Amino acid sequence: MFLDQVSLYLKSGDGGAGCKSFRREKHVPKGGPDGGDGGNGGSVYLVADASLSSLVDYRFKHHFVAERGTHGKGSNMDGANGEDLLLPVPVGTVVHDMYSNEVLGDLVIDGQRLLIVEGGHGGRGNPHFTTSVRRAPAFAELGEPGKERDLRLELKLLADVALVGMPSVGKSSLIAKMSAARPKIADYPFTTLIPNLGVVKVGDRSFVAADVPGLIEGAHEGKGLGHAFLRHIERSALIMHIVDLAGGFEGEDRDVVEDYKIIENELVQHTAELVDRPRIVVGNKIDVEGAHERSEQLQAYLESIAPDDEFRPERERQLPYFAISTLTGEGLDALLRYTADRVHDLRVQAAAIDAAKREEDQFEAKYIHREKLAQRVEKEPFQVSNLGGGVFQVSGDVIERMVIQTEWDNEEAILWLQGRFAKLGLEKELLAKGARDGDTIRILDREFEFEAGA
């Protein structure tokens, strides 16, 4: 079964709690603190796996939680870290945040990993809180809860050539002729309900072709079946536009030029980037009565829209056109040879662009990064917002983590937290923002009464 969109809920593992313990041995009457640290929770990663071709593994199971870290123990025994959760996805998977729609990553290389949520940090045991005046701290940190994220995964096939066209123009028949792929073929519209991939070998060259389900007018707005698969065209280096020279389905007398325009418009409406994507136009079913006349009409139209640009390479000055028959094989060899050569050229161009980009990135890393570092302003450990009515909100990863990992039923732990607040300069910032004694200070779901100098 082919599935190219799923939603997932992922949660990293909770961190284990630090241990509050003291050394107790027969001949050591005043042993010091020996509580171990809690283990970190497991993180959640998505991993690109070339052996997968669909997101069907996530059709029924959508919730995944990584292993939590274990708690620390006495005798300085640290808790074990939770095992990371690795979720395999097909190469070509794009990862979106469910709510912001932000693209978090694009997994296009086999084995590529994407960290989704980091495991919660384990709490520190009580030996970490000893000072010259606090020789036996009777508290430890709690583990940090794991983080959550809702995702939308979208698979975009990685293919060199995307076959597009109206329903029943012969795309499935063509990919079956070109490769070892065996898609469903029948004489009715929308036979193809999923994209089919085939590896095509021409001499010592090869390329991957994708048969995209038939498009109709309005596909980019959600009409027909093809709208669900337009995304699979985006990554292709070359578009092969198939036009039905038989005049349509079951004796229709369709205008081949109009059919060509409709599909081209749908591609451009889907994403403007497809305007300049290299194309090959293929007239199929040349063996049918009246096909030669329609082929001439289409070819004449293609010549009329050829770009008048002397600086373009010869093969890009007009849209290459091939008239073929998937039934008899007429014109197929010439089409495959040209396509293989064109894909090879495009790969060479892409490699040169990638090399130039890497060189540019290296230049920036070497000569610009230092300047950026020199200008970087260190982030504040917290931010204070005056909400009005004597209420102030304090936020920030550092200070929020302190609050989360504090034992609130332990007075000594609370006193230690107050000391950390003072070192961070929280009171000074609150006063600068207008806080007065008796005002309410909020950090996450905790509320404190402000008392200057406390």
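The values are calculated or read from the model by the stated rules, or taken from the named source; none is laboratory data. These numbers come from a predicted model, not from an experiment. Don't worry about glycine lacking a Cβ; one is built from the backbone with ideal geometry, like all the others, and counts go over all protein chains shown. Please note that ligands, DNA and RNA were not included when accessible areas were found on the heavy atoms of the full protein model with its side chains. Shrake-Rupley method; radii C 1.70, N 1.55, O 1.52, S 1.80 Å.
Computed values, structure above
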| read-out | value |
| --- | --- |
| TRP416, sole failed condition from (1) in contact with a helix residue (DSSP H, G or I) (Cβ under 9 Å, 6 or more places away or on another chain); (2) assigned to a loop (DSSP other than H, G, I, E, B) | (2) |
| Which listed residue is open to solvent by 70 Å² or more (accessible area, probe 1.4 Å) and at pLDDT 90 or above, from ARG312, ARG337 | ARG337 |
| The lone exception for PRO88 - which of (1) touching a helix residue (DSSP H, G or I) at 6+ places or on another chain (Cβ under 8 Å); (2) over 30 Å from LEU157 (Cβ atoms) it fails | (2) |
| Some residue of the range 67-82 being farther than 21 Å from GLY143 by Cα, surrounded by fewer than 21 Cβ atoms within 10 Å (Cβ to Cβ) and not β-branched (Val, Ile, Thr) | no |
| Residue that is surrounded by the most Cβ atoms within 10 Å (Cβ to Cβ) [pool: residues in the range 444-454 that are assigned to a loop (DSSP other than H, G, I, E, B) and touching a strand residue (DSSP E or B) at 6+ places or on another chain (Cβ under 9 Å)] | PHE450 |
| Residue pairs meeting the criteria (Cβ under 7 Å; at least 6 apart or on separate chains; first modelled with pLDDT of 90 or more, in the range 283-296; second open to solvent by 50 Å² or more (accessible area, probe 1.4 Å) and polar (S, T, N, Q)) | ASP287/THR328 |
| Criterion violated by GLU360 - all others in (1) modelled with pLDDT of 90 or more; (2) closer than 30 Å to ALA159 by Cβ; (3) exposed (fewer than 12 other Cβ atoms within 10 Å of the Cβ) satisfied | (1) |
| Of residues in the range 98-133 being farther than 30 Å from SER7 by Cβ and free of Cβ contacts under 8 Å to residues at least 40 places away in the same chain, the one least open to solvent (accessible area, probe 1.4 Å) | THR131 |
| Checking ILE185 against (1) modelled with pLDDT of 70 or more; (2) not in a helix (DSSP H, G or I), the condition it does not meet | (1) |
| Filtered residues of the range 390-443 (kept if of a type in the set (Val, Ile, Thr), at pLDDT 90 or above and open to solvent by 30 Å² or more (accessible area, probe 1.4 Å)) | ILE404, ILE414, THR440 |
| Residue count, the range 18-57 (criterion: small (Gly, Ala, Ser) and open to solvent by less than 20 Å² (accessible area, probe 1.4 Å)) | 11 |
| Neighbours by Cβ (under 6 Å, 6+ apart or cross-chain): first from the range 52-68, touching a residue at least 60 places away in the same chain (Cβ under 8 Å); second of a type in the set (Lys, Arg) and buried (at least 16 other Cβ atoms within 10 Å of the Cβ) | VAL65/LYS11 |
| In the range 88-97, the residues that are buried (at least 22 other Cβ atoms within 10 Å of the Cβ) and part of a loop (DSSP other than H, G, I, E, B) | GLY92 |
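Conditions tested, residue by residue: (1) within 31 Å of the chain's Cα centre (by Cα); (2) at pLDDT 80 or above.
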position: ALA180; (1), (2): yes, no
position: PHE190; (1), (2): yes, no
position: GLY203; (1), (2): no, yes
position: ILE216; (1), (2): yes, no
position: ALA219; (1), (2): yes, no
position: SER236; (1), (2): yes, yes
position: HIS241; (1), (2): yes, yes
position: VAL256; (1), (2): no, yes
